[in-house]
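Student: Dropping a structure here in structure tokens format, bear with me for questions.
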Amino acid sequence: MAKTIGAAEFKATCLRVIKQMGRDGEPVTITNRGRPVAVLSPAPAPGARPSLIGAMRGSVLHYDDPFAPAADPSDWNAAR
């Protein structure tokens with residue numbers, strides 16, 4: 001289960017929360033009046049490379065017709 005802590009409690013115990021997160025590696029969600037406002041997560045290991053899987057997720061915002069040709073057929077001159 002994800003760890004959740006109120007902002008006031010986090011303010012009072014932030015060093016303890018950071019040390020615990022460093023030991024167990026679990027992110028901590030910080031809430032304000034019960035609503036999530038921030039997520040504290042462990043830093044990546046030095047030299048660790050991010051995964052390329054999903055790196056472009058969300059980058060295409062709109063595409064009208066994914067089955068339409070990428071170029072106009074008259075642009076091709078393969079018959080010559």
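The values are calculated or read from the model by the stated rules, or taken from the named source; none is laboratory data. What you are looking at is a predicted structure, and each value in this text was computed from that prediction instead of being measured. Don't worry about glycine lacking a Cβ; one is built from the backbone with ideal geometry, like all the others, and counts go over all protein chains shown. We work out accessible area using only protein heavy atoms, side chains counted, and drop any ligands, DNA or RNA first. Shrake-Rupley method; radii C 1.70, N 1.55, O 1.52, S 1.80 Å.
Student: Looking at region 52-68, which of its residues are under 30 Å from Gln20 (Cβ atoms) and open to solvent by 80 Å² or more (accessible area, probe 1.4 Å)?
Tutor: Ile53
Student: If we keep just the residues of region 25-51 that are surrounded by 11 or more Cβ atoms within 10 Å (Cβ to Cβ) and polar (S, T, N, Q), which is modelled with the lowest pLDDT?
Tutor: This residue is Ser41.
Here is a yes/no grid of residues against (1) under 15 Å from Ala2 (Cα atoms); (2) touching a residue at least 24 places away in the same chain (Cβ under 8 Å):
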| position | (1), (2) |
| --- | --- |
| Arg16 | no, no |
| Met21 | yes, no |
| Pro36 | yes, yes |
| Pro42 | yes, no |
| Gly47 | no, no |
| Leu61 | no, no |
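Student: Ok, one more. Taking the residues in region 10-24 that are under 24 Å from the mean Cα position of the chain (by Cα) and open to solvent by 60 Å² or more (accessible area, probe 1.4 Å) as candidates, determine which candidate is nearest to Ala43 (Cα to Cα). Break it down stepwise before answering.
Tutor: Just the residues of region 10-24 that are under 24 Å from the mean Cα position of the chain (by Cα), to begin with: 10, 14, 17-24.
From the residues that got through so far, the ones that are open to solvent by 60 Å² or more (accessible area, probe 1.4 Å) too are 18-20, 22-23.
Working: Ile18: 11, Lys19: 12, Gln20: 13, Gly22: 9, Arg23: 12 Å.
Filtering first and then ranking leaves Gly22.
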